[in-house]
Structure formats: C-alpha cells, structure tokens
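Accompanying notes for the structure given below.
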Amino acid sequence: MEVLGIDIGGSGIKGAPINIENGSFVAERVRFDTPEISNSENMAHVVKQIITYFNWKGPVGVGFPAIVRNGVAKTAANIDKSWKETNVAELFSSISGNKVAVLNDADAAGLAELRFGDTYHNEDLVLFLTVGTGIGTALFYKGALLPNMELGHLELFGKDAELYCSDAVRKQKNLSRTEWAVRFNDYLMHVEKLLSPDLIILGGGSSKKFYKFNEVFSVNAKILPASLLNNAGIVGAAMYAHENLG
Ligand code: BGC
C-alpha cells in the first residue's frame, strides 16, 4: 500500500509517496520553499504542485504546523493567522480531488519515529520534540499518541518557550550550539518537572548535531537524537492517512 505523505514546515513543504508497510520512500521526495506569505491560497498551491508532480490519485496525508482537530487548524503560531479555523483537510481535498487527512506535523514525525525508527523500545512515556522554526512536541503513552500537546508553547521565563530556544532563535541571536543547548536544557528541565518522561527523542535539524551538545543536557530521562531525521514528518503523515481514511 502506498500513500503520499506531505510535511508542511516553516521553511519547506516536502512530499513523497510512502510504502506504508516499511516506511520507505517509493520515489525521491520533492521540496518547495514555504511561500513567504503562508496563507491558505499560496500553501494550497504548493500542496497541489506536489500532488500533481507525482500524478497522485490515491490518499494523501499532510503534517501541518498547528493544532489540528478533525482536519481543522485551531492555531497559527508560525503560519499566516488566516489559517485559524480553516478546514485544512477539506481545502486540500477540494483543490486536488484526492482524499486528504491532516494532523499536527510533530505528531506525524513522532508516529513515524516510534514505528520505524530505532530509538523507541517500549518505554512508557515518550516525548518526541522537533526543533525548527518552532518547537513541535508529540507525547506517547505506551505507544499511543496523545495528539496536539503543543508543549513548545509552555511558558518559560515569562514567554513562549519556542521564542526562547527554537532553532530559529538560535540563528536569529547567533548563538553557538552550546549556548543554544544551555537554553534548551532549561526547557527540558521544565518539561521534565511537569511530565517525567522515560525517553525524550530530539528531532528536527539540530538532532543531526546532537553529539556536539548533548553533554549540556542534565535531565534524568534518557535523551536520544531521532533516527529518521528530516523525513519522519512525511512518513508519519502517510501512516496517519492510511489509518484514518479507510
Ligand atoms: C506550532 C506547532 C508545531 C511546531 C513545529 C509550533 O509553533 O504551534 O503546532 O508542531 O511549531 O512546527
């Protein structure tokens, strides 16, 4: 069974057809820049381009950077505010003619990492984090996803945590990896106090450099870099569509 997976991120929109049984790419992925004005019209245009590129007639799964309930975007932290309350699934389905299922982007990446990655070994409480333009979070209890946790928006030092230690902040403030890791450790300590996860998996761009800064981390939980790296969001979105579109 093959499903087209699409991952909508702050800087890029990527897609590829996925083999659902083993999580592999059936064709090489395509990537387009996220439009500077990230409103529904511009983003839907890119999603359609990806579907057309693969001449895709089957189901499509989309990871979207917002709280998504029943296909509807409930927040818009790093995308155009007009997305709030948009039925994203219906919109992408109407412009393409395909059946489309939509979930939070971090939830998608976490689903794929736990199923096909090599970091998860049946720990009870697992927190999966993606650090990019924002901080995405996916929480799993005994392998089951608790969707839309949005722990990147926890308050830390009086502001939204992702405004303190996302990868975008590291770039804006010209922080060294270690300086950023010290900030990120503050965040991890805060999350650990609230949730006491058994395992924390760090995804997103910074996970590639994990062993350059992981000594800074002082949480009790086991903490590992994600093994599927940037492609997890595409795979997880396809898995979700397969399980939810019938
Ligand atoms: C959004 C989340 C998203 C994360 C990563 C945050 O700003 O609120 O929904 O998962 O960024 O893209």
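Residues of the stretch 190-223 being open to solvent by 20 Å² or more (accessible area, probe 1.4 Å), assigned to a strand (DSSP E or B) and under 24 Å from ASP160 (Cα atoms), which ones? Hit for the stretch 190-223 is ILE223, nothing else.
Entry remark, the stretch 150-177: residues being near the ligand (Cβ under 9 Å from one of its atoms) and either open to solvent by less than 40 Å² (accessible area, probe 1.4 Å) or part of a loop (DSSP other than H, G, I, E, B) (or both) number 4 in total. Going through (1) of a type in the set (Ser, Thr, Tyr); (2) farther than 18 Å from ASN231 by Cβ; (3) surrounded by 18 or more Cβ atoms within 10 Å (Cβ to Cβ) one by one, THR52 falls short only on (3).
For first residues located in the stretch 128-142 and under 16 Å from ILE67 (Cα atoms), partners that are aliphatic (A, V, I, L, M) and within 6 Å of the ligand (Cβ to nearest atom) and lie 6+ apart or on another chain with Cβ distances below 6 Å form the pairs THR130/ALA106; GLY134/ALA77; GLY136/ALA106; THR137/ALA106; ALA138/ALA106. Check the stretch 73-95 and report whether any residue there is without any contact (Cβ under 8 Å) to a residue 60 or more places away in the chain, within 11 Å of the ligand (Cβ to nearest atom), in a strand (DSSP E or B) and buried (at least 24 other Cβ atoms within 10 Å of the Cβ). Checking the stretch 73-95: at least one residue is without any contact (Cβ under 8 Å) to a residue 60 or more places away in the chain, within 11 Å of the ligand (Cβ to nearest atom), in a strand (DSSP E or B) and buried (at least 24 other Cβ atoms within 10 Å of the Cβ). Residues in the stretch 14-41 that are surrounded by 14 or more Cβ atoms within 10 Å (Cβ to Cβ), assigned to a strand (DSSP E or B) and of a type in the set (D, E, K, R): LYS14, ARG31. Among the residues of the stretch 115-126, is there at least one that is open to solvent by 40 Å² or more (accessible area, probe 1.4 Å), assigned to a helix (DSSP H, G or I) and more than 14 Å from the ligand (Cβ to nearest atom)? Within the stretch 115-126 (the criterion being open to solvent by 40 Å² or more (accessible area, probe 1.4 Å), assigned to a helix (DSSP H, G or I) and more than 14 Å from the ligand (Cβ to nearest atom)), the answer is yes, since at least one residue qualifies. Summed over the stretch 4-13, residues that are surrounded by fewer than 21 Cβ atoms within 10 Å (Cβ to Cβ) and touching a strand residue (DSSP E or B) at 6+ places or on another chain (Cβ under 6 Å) total 1.
Per the listing ALA108, ALA101, the residue uniquely more than 16 Å from the ligand (Cβ to nearest atom) and open to solvent by less than 50 Å² (accessible area, probe 1.4 Å) is ALA101. Within the stretch 1-36, the set of residues being aliphatic (A, V, I, L, M) and within 20 Å of the chain's Cα centre (by Cα) comprises VAL3, LEU4, ILE6, ILE8, ILE13, ALA16, ILE18, ILE20, VAL30. For LYS208, the test of being free of Cβ contacts under 8 Å to residues at least 24 places away in the same chain and either in contact with a helix residue (DSSP H, G or I) (Cβ under 9 Å, 6 or more places away or on another chain) or outside the structural domain of LEU127 (by TED's automatic domain parsing) (or both) is passed.
Within the stretch 55-72, the set of residues being within 15 Å of the ligand (Cβ to nearest atom), open to solvent by 20 Å² or more (accessible area, probe 1.4 Å) and either in contact (Cβ under 8 Å) with a residue 40 or more places away in the chain or under 25 Å from GLU2 (Cβ atoms) (or both) comprises PRO65, ILE67, ARG69.
The values are calculated or read from the model by the stated rules, or taken from the named source; none is laboratory data. If you're wondering where the values come from, they're calculated on a predicted model, not measured in any experiment. Backbone-built Cβ (ideal geometry, glycine too); neighbour counts: all protein chains shown. Surface areas here come from the heavy atoms of the whole protein model, side chains and all, with no ligands, DNA or RNA. Shrake-Rupley method; radii C 1.70, N 1.55, O 1.52, S 1.80 Å.
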